[in-house]
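The values are calculated or read from the model by the stated rules, or taken from the named source; none is laboratory data. This is a predicted model, so every value here is computed, not measured. Cβ: placed from backbone, ideal geometry, glycine included. Neighbour counts: every protein chain shown.
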Ligand SMILES: [Fe+2]
């Protein structure tokens, strides 16, 4: 049998352990797609909780959480909405309960000596893509998360982004695109393979991650990936939820943490509250 996995379209079921087949798939392509890990009922409750927490950010003018800015934009009707919310697990006890569920523990087997980074980096992130004129976040260009390691003065290590399917995504609905196998590229590939964030163009090597509600995906942060705008099929709006699995030095954040430069750059340009708050009082 070949050392590499062959079928890039294969989807899996999450059990009590990562199987050798799942490990091989991850090693080859840098991602794994698990079907129907969460019930529709759970996802609907998560959506409700997230909407409530987003409104809390607006009502209480929460501009940052654990030092990481909340990025605000506007809906079609002009109402203010957080379009990138870090540390949703701090804002919402229900989301925290879901992401600390023991059923997710097997994911740690994919990377030796890894841990869930719920108190590190940006914790549980909600990206709210709105494809409208005053939106500040319609899509996300090509990038890999290895650049962040360099901003943190760390060497490039494997890391996983765990995503929970709050909304469907596909070729025609928009959502995550990735280039399988690029987690194995060299440092020049990570740095110069594409123009980070600014390049949005489809790539002939990319595949759409076709997610149904309740699916769980993990993708290696070293992969080239992008998020395509939600289309008319999605009423031009989608939220995604992801959080990291990390290895290497443990660097927890708290309310006194300062935002690293790349986060400040990424958060620039959105509407600001006039009455500036130093950090969330949660
Ligand atoms: Fe990313």
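Could you list all residues from the stretch 152-167 that are more than 13 Å from the ligand (Cβ to nearest atom) and either at positive phi or in contact with a strand residue (DSSP E or B) (Cβ under 7 Å, 6 or more places away or on another chain) (or both)? Within the stretch 152-167, 153, 158, 164, 165, 166, 167 meet the criteria.
Can we say residue 109 is more than 16 Å from the ligand (Cβ to nearest atom), part of a helix (DSSP H, G or I), surrounded by fewer than 19 Cβ atoms within 10 Å (Cβ to Cβ) and in contact (Cβ under 8 Å) with a residue 24 or more places away in the chain? Criteria met by residue 109. Starting from residues that are out of contact with any helix residue (DSSP H, G or I) (no Cβ under 8 Å at 6 or more places or on another chain) and within 13 Å of the ligand (Cβ to nearest atom), keep the ones in the stretch 221-249 and report whichever is nearest to residue 51 (Cα to Cα). If we take residues in the stretch 221-249 being out of contact with any helix residue (DSSP H, G or I) (no Cβ under 8 Å at 6 or more places or on another chain) and within 13 Å of the ligand (Cβ to nearest atom), then 240 is nearest to residue 51 (Cα to Cα). A single entry from 149, 145 fulfils the requirement of being free of Cβ contacts under 8 Å to residues at least 24 places away in the same chain and within 16 Å of the ligand (Cβ to nearest atom): 149. Here is a check on your reading of the model: is residue 174 closer than 22 Å to residue 110 by Cβ and surrounded by 16 or more Cβ atoms within 10 Å (Cβ to Cβ)? In short, no. Scanning the stretch 120-137 for residues that are over 15 Å from the mean Cα position of the chain (by Cα), surrounded by fewer than 20 Cβ atoms within 10 Å (Cβ to Cβ) and either under 24 Å from residue 224 (Cβ atoms) or modelled with pLDDT of 90 or more (or both) turns up just one, 136.
Take the conditions (1) touching a helix residue (DSSP H, G or I) at 6+ places or on another chain (Cβ under 7 Å); (2) modelled with pLDDT of 95 or more; (3) surrounded by 14 or more Cβ atoms within 10 Å (Cβ to Cβ); residue 47 misses just one of them, which is (1).
Of 201, 148, 205, 222, all but one fail to be out of contact with any strand residue (DSSP E or B) (no Cβ under 9 Å at 6 or more places or on another chain), more than 24 Å from residue 105 (Cα to Cα) and at pLDDT 90 or above; the exception is 205.
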